[in-house]
């Protein structure tokens, strides 16, 4: 099993990469909305809302709930 | 589709890369001088390395129908030995005379120390004196913005032609000042630690395609030359035409590298014939 420091050192760059991809996706969405001058349709908007909820959930420190389970439940709603 | 891989560390890769790249449409690669994973101690080690990338590697690539070009430099990570840097720089002109050497690179910054800045300046000065192209490495991760600004600061104090200088590894936070200053920029696509294919296409859509080079830089670390092809796929599946893809992934390298007459691959275009030839 890994120590706390080992967990961070082993997976930090991978997590950085994945978060940057999420940030880029949201920037891409904003650019598309600006280009077409219209927001996403209802179904797509629901998915974006879930993504934002998931991001918020990740920011909660010391959550008693397993984050992965919480996100899987969120994603199951769309 | 014909592709040029403008930043590729071939000596760190197997021939299988060449074979697969050739099958995917790569017609040429350009190999900047790189860090060996440890700091070299002797000028002769660099000389033999430069011989390897300028004499031997083109023969290996040619077996797969790929043209191989290269650059010479002392890596920024080795700039803390100014005596060694000076001694190696003295040998550059003999390599500038070789038929596949395109210029000086990758020089640049790693931790942006005083020695690194002096080495960068010496490299650029020598390149300009000999009419060579320049490829500049910018730091990764935490030092990216600071190091890129420092590169721009060093160049601003010199008499350079920005159109002959390529600042590589730019990302969303560094692309604009480099383009605004008139330089060419490069996106380096890595599986984890640098730009991703999707983010590269985002930047192409935001900034346009002028003075932009896309590369995978594959080396001996965790890297993949086919991130370049992933980027082309991402670009095409967002609806950009084959002609637009050719402009970015073939013709832009021709335009920048072709400023050195040794790089004789010319831009191409898609043409639909009016009639089916007999």
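Could you list all residues from segment B:1-35 that are within 18 Å of residue B:55 (Cβ to Cβ) and part of a loop (DSSP other than H, G, I, E, B)? Talk me through it step by step, then tell me what you get.
Here is the first cut: in segment B:1-35, the ones within 18 Å of residue B:55 (Cβ to Cβ) are B:8-13, B:15, B:18, B:28-34.
Those that are within 18 Å of residue B:55 (Cβ to Cβ) and part of a loop (DSSP other than H, G, I, E, B): B:8, B:9, B:13, B:32, B:33, B:34.
Select from segment B:155-167 the residues that are part of a helix (DSSP H, G or I) and touching a residue at least 40 places away in the same chain (Cβ under 8 Å) and write down the one among them that is surrounded by the most Cβ atoms within 10 Å (Cβ to Cβ).
Going residue by residue through segment B:155-167, those that are part of a helix (DSSP H, G or I) are B:155-156, B:162-164.
Okay, now just the ones that are also touching a residue at least 40 places away in the same chain (Cβ under 8 Å), so B:163-164.
Numbers: B:163: 14, B:164: 18.
Of everything passing the filter in segment B:155-167, B:164 is surrounded by the most Cβ atoms within 10 Å (Cβ to Cβ).
For segment B:203-212, state whether one or more residues are in contact with a helix residue (DSSP H, G or I) (Cβ under 8 Å, 6 or more places away or on another chain), part of a strand (DSSP E or B) and farther than 21 Å from residue A:22 by Cα.
Looking through segment B:203-212, at least one residue is in contact with a helix residue (DSSP H, G or I) (Cβ under 8 Å, 6 or more places away or on another chain), part of a strand (DSSP E or B) and farther than 21 Å from residue A:22 by Cα.
Could you grab the pairs with beta carbons closer than 6 Å, sequence gap of 6+ or different chains, first residue in segment B:113-130 and surrounded by fewer than 15 Cβ atoms within 10 Å (Cβ to Cβ), second one modelled with pLDDT of 95 or more?
These pairs meet every condition: B:130/B:96.
Does residue A:15 meet the test of being within 12 Å of another protein chain (Cβ to nearest Cβ), surrounded by 10 or more Cβ atoms within 10 Å (Cβ to Cβ), at pLDDT 95 or above and in a helix (DSSP H, G or I)? Can you show your working first?
On the way: within 12 Å of another protein chain (Cβ to nearest Cβ): yes; surrounded by 10 or more Cβ atoms within 10 Å (Cβ to Cβ): yes; at pLDDT 95 or above: yes; in a helix (DSSP H, G or I): yes.
Here the answer is yes, as residue A:15 does meet what is asked.
From B:223, B:217, grab the single residue that is crowded, with 20+ Cβ neighbours inside 10 Å, in contact (Cβ under 8 Å) with a residue 40 or more places away in the chain and not in a helix (DSSP H, G or I). Outline the logic, then answer.
On the way: B:223 fails: in contact (Cβ under 8 Å) with a residue 40 or more places away in the chain.
The match here is B:217.
Take residue B:177 and decide whether it is more than 15 Å from residue B:108 (Cβ to Cβ), assigned to a helix (DSSP H, G or I) and in contact with a helix residue (DSSP H, G or I) (Cβ under 9 Å, 6 or more places away or on another chain).
When the stated conditions are applied, residue B:177 passes them.
Identify the single condition in (1) under 27 Å from residue A:25 (Cβ atoms); (2) at pLDDT 95 or above; (3) away from chain A (no Cβ under 14 Å) that residue B:217 does not satisfy, given that it satisfies every other one.
The failed condition is (2).
For residue B:235, state whether it is within 21 Å of residue A:27 (Cβ to Cβ), part of a strand (DSSP E or B), within 14 Å of chain A (Cβ to nearest Cβ) and in contact (Cβ under 8 Å) with a residue 12 or more places away in the chain. Quick ask: steps written out before the conclusion?
Numbers: within 21 Å of residue A:27 (Cβ to Cβ): yes; part of a strand (DSSP E or B): no; within 14 Å of chain A (Cβ to nearest Cβ): yes; in contact (Cβ under 8 Å) with a residue 12 or more places away in the chain: yes.
Against the criterion (within 21 Å of residue A:27 (Cβ to Cβ), part of a strand (DSSP E or B), within 14 Å of chain A (Cβ to nearest Cβ) and in contact (Cβ under 8 Å) with a residue 12 or more places away in the chain), residue B:235 does not qualify.
Are any of the residues in segment B:1-14 over 19 Å from the mean Cα position of the chain (by Cα) and touching a residue at least 12 places away in the same chain (Cβ under 8 Å)? Before you say what the answer is, go through the steps one by one.
From segment B:1-14, those over 19 Å from the mean Cα position of the chain (by Cα) are B:1, B:14; that's our starting set.
Remaining after also requiring touching a residue at least 12 places away in the same chain (Cβ under 8 Å): B:1.
Scanning segment B:1-14 turns up at least one residue that is over 19 Å from the mean Cα position of the chain (by Cα) and touching a residue at least 12 places away in the same chain (Cβ under 8 Å).
I need a count of the residues in segment B:131-146 that are out of contact with any helix residue (DSSP H, G or I) (no Cβ under 7 Å at 6 or more places or on another chain) and buried (at least 24 other Cβ atoms within 10 Å of the Cβ). Spell out how you get there, then give the answer.
So in segment B:131-146, the residues out of contact with any helix residue (DSSP H, G or I) (no Cβ under 7 Å at 6 or more places or on another chain) come out as B:131, B:135, B:140-146.
Narrowing further to those that are buried (at least 24 other Cβ atoms within 10 Å of the Cβ): B:135.
Final tally of qualifying residues: 1.
Pick from A:32, A:44, A:24: which is more than 14 Å from chain B (Cβ to nearest Cβ), without any contact (Cβ under 8 Å) to a residue 24 or more places away in the chain and assigned to a helix (DSSP H, G or I)?
Numbers: A:32 fails: more than 14 Å from chain B (Cβ to nearest Cβ); A:24 fails: more than 14 Å from chain B (Cβ to nearest Cβ).
Of A:32, A:44, A:24, the one residue that is more than 14 Å from chain B (Cβ to nearest Cβ), without any contact (Cβ under 8 Å) to a residue 24 or more places away in the chain and assigned to a helix (DSSP H, G or I) is A:44.
Being more than 21 Å from residue B:3 (Cβ to Cβ) and touching a helix residue (DSSP H, G or I) at 6+ places or on another chain (Cβ under 8 Å) is the requirement here; does residue B:165 meet it?
On the way: more than 21 Å from residue B:3 (Cβ to Cβ): yes; touching a helix residue (DSSP H, G or I) at 6+ places or on another chain (Cβ under 8 Å): yes.
Considered against the rule, which asks whether it is more than 21 Å from residue B:3 (Cβ to Cβ) and touching a helix residue (DSSP H, G or I) at 6+ places or on another chain (Cβ under 8 Å), residue B:165 comes out as yes.
Just to be sure before I move on: is residue A:9 within 14 Å of another protein chain (Cβ to nearest Cβ), in a helix (DSSP H, G or I), more than 15 Å from the chain's Cα centre (by Cα) and exposed (fewer than 13 other Cβ atoms within 10 Å of the Cβ) in the structure I sent?
On the way: within 14 Å of another protein chain (Cβ to nearest Cβ): yes; in a helix (DSSP H, G or I): yes; more than 15 Å from the chain's Cα centre (by Cα): yes; exposed (fewer than 13 other Cβ atoms within 10 Å of the Cβ): yes.
Yes: the conditions hold for residue A:9.
The values are calculated or read from the model by the stated rules, or taken from the named source; none is laboratory data. Bear in mind the structure is a predicted one, so any value in this text is a computation, not a measurement. Counting neighbours? That spans all protein chains shown, and the Cβs are built from the backbone with ideal geometry, glycine included.
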